[in-house]
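As structure tokens, the structure follows; a few thoughts come after it.
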Amino acid sequence: MRLLHTSDWHLGQTFHGHDRRYEHQCFLDWLLETLDQEQTDALLIAGDIFDNANPSATALHQFYRFIRDAKTRLPSLDVVVIAGNHDSPFRLEAPSPLLTVMGVSVVGQVSRFESQAIDPDRLVLPLRDRTGQVAAWCLAVPFLRNGDLPRRDPDEPLSVGYAQAVAGLYGQVQAVAEAKRAKEQPLIALGHCHLQGGEVSIDSERRLVIGGSEALPVSIFGHDLAYVALGHLHRAQCVGGEESRRYSGSPLPLSFSETGYRHQVVRVDLANHQVRDIQILPVPRAVELLRIPEQPLETVLKTLEALERPTLPLERQPYLDIRVRLDQPEPGLRHRIETALQGKPVRLTRIEPRYPAHPAGKTEAVSAPTLEDIGRLEPRDVFMRLYRQRYSSEPDDALCTAFNELLESLP
């Protein structure tokens, strides 16, 4: 049996204000071709299909059109989707009555019986090969919030209780799967969580606020699991030193920190109730990321004026990130950079000023002000103190004049 593991599509995401529909569509078109060419039996999508809990009509249309096209081209394809922390569990499950008929399983939330006990059976799904026979079983566990977990001792520290509750839930689900499977049928876990040792992608991860308890031990996944398909961390990687426990990563770069590595989906071949082969399938990058490294402003402007790029439609133009080394604030910075870029087929995303570190021994010591001090402070005093603290110098006359004009304009 052949699986394709992917996650973290973040359909509907904008990149520093720029629309990414074109990039997402390029990925979905590529994925459709890949599913066909690789003769895939099951597609596993490990959460964060959408970028937010209330996706746009365009993002919804992209997703459901892809599902339709995939099932039209590959009628026997099994598709399993779980919710991530960006997805709305209820919104994701809403079309389930229609999707189930098409052979698409969506698990957005943990279900409970009337007694409030968790129903683990609903989280165990059969995976069928192209002949229609059950060839494996999938533990489809969505992103778990505190309310999704079994009740625990309220006196336990939150970090301990959360990890134990998650491990307990996975244990329940695995026990159900063990009871369902035949001897030759492997078990696959599909989860959206942060495992200890997982490397985050700087600037693109949304930290979950559970008192720091969201990083879970790899041991929550039992040894009898043939493969663990993870979502949530955007950098593709194995965890716990095991090739069969891995994040597929996001198919598109979600920050400039991801400029230098290839995004991917993972092809997994199963035979004799275990993994026979794992292959990485790189996702083509539809739009280039360009970064101007930290340089003095005049050098940056010359670099931008000399920038030559092929003329492309707007949706294919590269994203541009600029870092500028400044000795002091430059009020006309954006205007000067935009002037240098005029007519260039690139999309400016961010201008990041960088200032020199405070010289040794010259950092202004700042003590916490008392209420009396605060009562005596004037806006100009606050401005001057903050400027000196950050730049270790005095603001120039032009900046002081601009600040004074701003104050005078206030009612």
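The values are calculated or read from the model by the stated rules, or taken from the named source; none is laboratory data. Model, not experiment: these values are computed from the prediction. All Cβ positions, glycine included, derive from the backbone under ideal geometry; neighbour counts span all protein chains shown.
Selection of strands (runs of 3 or more DSSP E) fully inside the stretch 1-117 by the criterion of at least 3 residues being aliphatic (A, V, I, L, M) returns 42-46, 78-82, 104-107. In the condition set (1) within 30 Å of S393 (Cβ to Cβ); (2) under 29 Å from the mean Cα position of the chain (by Cα); (3) charged (D, E, K, R), E288 is compliant with all but (1). Against the test of being modelled with pLDDT of 90 or more and either more than 23 Å from H5 (Cβ to Cβ) or in a helix (DSSP H, G or I) (or both), the options V160, V176, V209, V166 yield a single qualifying residue, V176. When R276 is tested against the conditions (1) over 22 Å from the mean Cα position of the chain (by Cα); (2) assigned to a helix (DSSP H, G or I), the lone failure is (2). In the condition set (1) more than 22 Å from A177 (Cα to Cα); (2) more than 18 Å from the chain's Cα centre (by Cα), P282 is compliant with all but (2). A residue that is over 14 Å from the mean Cα position of the chain (by Cα), loosely packed, with under 15 Cβ neighbours inside 10 Å and either of a type outside the set (A, V, I, L, M) or closer than 19 Å to S250 by Cβ (or both) occurs nowhere in the stretch 4-11. Of (1) among the acidic types (D, E); (2) in contact with a strand residue (DSSP E or B) (Cβ under 7 Å, 6 or more places away or on another chain); (3) under 21 Å from L11 (Cβ atoms), E258 satisfies all except one. Which? Failed condition: (2).
Quick one: I188 ticks every box in (1) modelled with pLDDT under 95; (2) of a type in the set (V, I, T); (3) in contact with a Phe, Trp or Tyr (Cβ under 8 Å, 6 or more places away or on another chain) bar one, so which box is it? Status for I188: all satisfied but (1).
Within the stretch 308-325, take every residue that is among the aliphatic types (A, V, I, L, M) and surrounded by 16 or more Cβ atoms within 10 Å (Cβ to Cβ) and give me the one that is farthest from R285 (Cα to Cα). Across the stretch 308-325, the extreme among qualifying residues is V324.
Scanning the stretch 121-151 for residues that are in a loop (DSSP other than H, G, I, E, B) and of a type in the set (A, V, I, L, M, F, W, C), we see that the one that is farthest from the chain's Cα centre (by Cα) is L149. Could you go through the stretch 257-272 and let me know if any residue there is in a helix (DSSP H, G or I) and either buried (at least 17 other Cβ atoms within 10 Å of the Cβ) or touching an Asp or Glu at 6+ places or on another chain (Cβ under 8 Å) (or both). Yes, the stretch 257-272 has at least one match.
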